[in-house]
Amino acid sequence: MHLSTGTRRGVLRGISGITSSHHHIRGERVREVGGAAKLLLASSKIARSEILCLLFGTMLISAPLGYALSCDGSRASSLGPPTQGAYNSAFPDFGGPEDNVTADKITDFESLVQKKIVWAYFSNNWLQRIEFPEASVRVIHGQGVIPFIRMMARSSFERLLPDPVYTMQRIIDGDFDRDLHRWAQRAKEVGIPLIVEFGTEVNGNWFPWNGQYNGGGKTKGYGDPSLPDGPERFRDAYRHIIDICRAEGASDITWAFHVNYDSVPLEPWNTMAAYYLGDDYIDWIGISTYGAQRPGEEWHLFSEIMDTAYPELASLSNEKPLAVLEYGVVDDPETGDKASWIHDALQSVRNGRYPRIKAMSYWHENWQNDDGTISNLRLDSSPEALAAYREEIANPFFLGELTPVTTIQTSTTSSRSAPTTQETATTTRSTAEAPAIQPPTDLIPALGIIIAMAAVVVIAILFWKRRRSG
C-alpha cells in the first residue's frame with residue numbers, strides 16, 4: 001500500500017505515542033513491582049524478626065519449665081498394680097541369711113509350684129558395710145523376674161537390740177551417706193527396675209529399726225513434740241534414704257513400706273500409721289501375715305488374721321496398692337492343716353475379701369529353731385500342702401508375669417516436702433525382660449504450655465510494634 005508523506009508522519013506519530021505510552025505503563029509496572037518487592041522484603045524481615053522473637057521467647061520459657069520438670073528430683077517410675085488379679089511372687093528359699101541368690105533357686109521354685117513369679121524377695125544385709133547387691137540383682141533379672149530388695153540395717157545376724165551400728169538417728173544424721181550415695185549410684189548405673197523396702201516389719205520389736213529401740217513413745221527427744229520419737233525417727237531415716245536415691249537419679253525403684261499384721265509391743269505409739277512415710281514416698285504398702293511358724297503354736301487361719309489387720313493396713317493410704325509381702329505357715333498336723341490354711345489364704349484374696357491386695361508373696365523356707373524343732377514353711381513340706389498351693393495359684397487371677405499392658409506409675413518429687421504427681425503410662429514386657437517405661441505423658445501438656453506461652457510473647461511483640469508505628 002502506498003502512503004503519502006503526511007500520512008506517514010501521522011502514522012509515525014501514532015506509533016511514537018503508542019511506544020511512549022507503552023514505556024510509561026511499563027515504568028509504572030516496574031515501579032509497582034519494585035515497590036512490592038521492597039514491601040515483600042520488608043515483610044520478610046519483619047517475619048524473620050518475629051520468628052527469632054518466637055524462638056527466643058520459647059527458649060526463655062522452656063528453660064525454667066524444663067528445669068522444673070526434671071531437675072533435683074529425678075523422674076521416678078514404679079511398678080503399678082495389675083488392673084485385675086494379683087501378682088504371684090515369693091521368697092524362693094535363698095537360705096538362712098536370705099541373700100544366697102541363685103538362678104537355680106528361682107527356676108526350682110517355679111517348677112515346683114508350676115507357675116512363674118513376678119518378683120523374687122531377698123535381703124540386702126548391711127553387716128560390715130552398705131553395698132548395692134549387684135550380683136543378686138543381675139541373677140534375678142536374668143530370670144525375667146523383678147529383684148525385690150530388703151534393705152536390712154543390721155550389723156550382725158545375732159539379734160542385737162538395738163543394733164550397735166545402724167541406729168535411725170545415725171542414718172538421719174548422715175553418718176552413712178557416703179555408702180548410701182554409692183548404693184544409689186550403682187542402682188542407677190545397673191539400670192534394672194527394682195522394688196526396694198527399708199525396715200521390714202517395722203512395727204515388730206524383733207528388728208532393731210522398731211521404734212522401741214529408737215526413742216519409743218517419748219516425744220521430747222526428736223522432731224515434732226506431738227509425735228512419738230521412735231516411729232518418727234524411722235520415718236525420717238527411710239525418707240532420707242529415698243531422698244538420696246532420688247538425688248542420684250536412681251529412678252527405676254518402686255518403694256515399699258512393710259509392716260507386720262500385729263504390733264509388738266502393743267503400745268499406743270507403736271501403730272502402723274505412726275511409721276508411714278506418706279504417699280509422696282511410698283508406691284506399695286505391704287504386710288506380713290504368717291500363721292503358726294513353730295510346731296505347737298496357736299493356729300489361726302490367714303483370713304482370721306487379715307480380717308483384723310486389713311482395715312488398719314488399708315487406712316494408711318486411700319490410693320496405694322496393698323500386698324501380702326510375706327505369708328506362710330508351719331506344717332504341724334497336730335495343731336492344724338497346712339493345706340486348708342493355704343486354700344483359705346489364696347481363696348480369700350481371689351474372692352475379693354481384701355479387694356486392694358494386688359500381690360501375694362509366699363515365704364518358702366525351712367529353718368531350725370533354738371529348741372531343735374523345725375519350722376517347715378516350704379510348700380513341699382507335704383504332698384497335700386503343695387497340691388493345695390498348685391491348685392489355687394493355677395487360677396488366672398494370680399499372675400505369674402506382668403500383664404501385656406503393665407501400668408507404670410510416674411512421679412516427680414523434688415524434695416521431702418514436695419507433693420508427688422501420680423500419672424500413668426503403659427509398657428509391654430515379656431517374661432524374659434524387665435518392664436520398659438514409655439516417655440512420661442506429662443511432657444505433652446508441658447509442651448502445650450510452652451507453645452501457648454510463646455504465642456503470648458509473639459502477640460505482645462506485634463502489639464508493641466503496632467503501637468510504635470501507629
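List of remarks:
- Selected residue (only one of Y238, Y222 is among the hydroxyl-bearing types (S, T, Y) and touching a Lys or Arg at 6+ places or on another chain (Cβ under 9 Å)): Y222
- Note on region 152-170: among residues that are touching a residue at least 12 places away in the same chain (Cβ under 8 Å) and not in a loop (DSSP other than H, G, I, E, B), the one that is nearest to L127 (Cα to Cα) is M152.
- Scope region 83-114; condition within 24 Å of the chain's Cα centre (by Cα), more than 16 Å from F148 (Cβ to Cβ) and surrounded by 17 or more Cβ atoms within 10 Å (Cβ to Cβ); matching residues: G85
- Condition check for D243: among the charged types (D, E, K, R), assigned by TED's automatic domain parsing to the domain that holds T167, under 15 Å from the mean Cα position of the chain (by Cα) and outside any loop (DSSP other than H, G, I, E, B): yes
- Identity of the residue in region 264-289, hydroxyl-bearing (S, T, Y) and under 16 Å from N205 (Cβ atoms), that ends up surrounded by the most Cβ atoms within 10 Å (Cβ to Cβ): Y275
- Comparison of I149, I130, I172 shows that the only residue that is within 21 Å of the chain's Cα centre (by Cα) and closer than 24 Å to N210 by Cα is I149.
- The set of residues in region 324-361 that are in contact (Cβ under 8 Å) with a residue 60 or more places away in the chain and either more than 18 Å from N88 (Cα to Cα) or out of contact with any Asp or Glu (no Cβ under 9 Å at 6 or more places or on another chain) (or both) comprises V349, I357, K358, A359, M360.
- Filtered residue count, region 246-283, keeping only those that are within 12 Å of the chain's Cα centre (by Cα), in a loop (DSSP other than H, G, I, E, B) and polar (S, T, N, Q): 1
- For beta carbons closer than 8 Å, sequence separation of 6+ or different chains, a first residue in region 368-388 that is basic (K, R) and a second that is outside any helix (DSSP H, G or I), the qualifying pairs are R378/D93; R378/H364; R378/E365; R378/N366.
The values are calculated or read from the model by the stated rules, or taken from the named source; none is laboratory data. Remember, predicted model here, so these are calculated numbers, not experimental data. Here the Cβ is made from the backbone with ideal geometry for all residues, glycine too, and neighbour counts use every protein chain on show.
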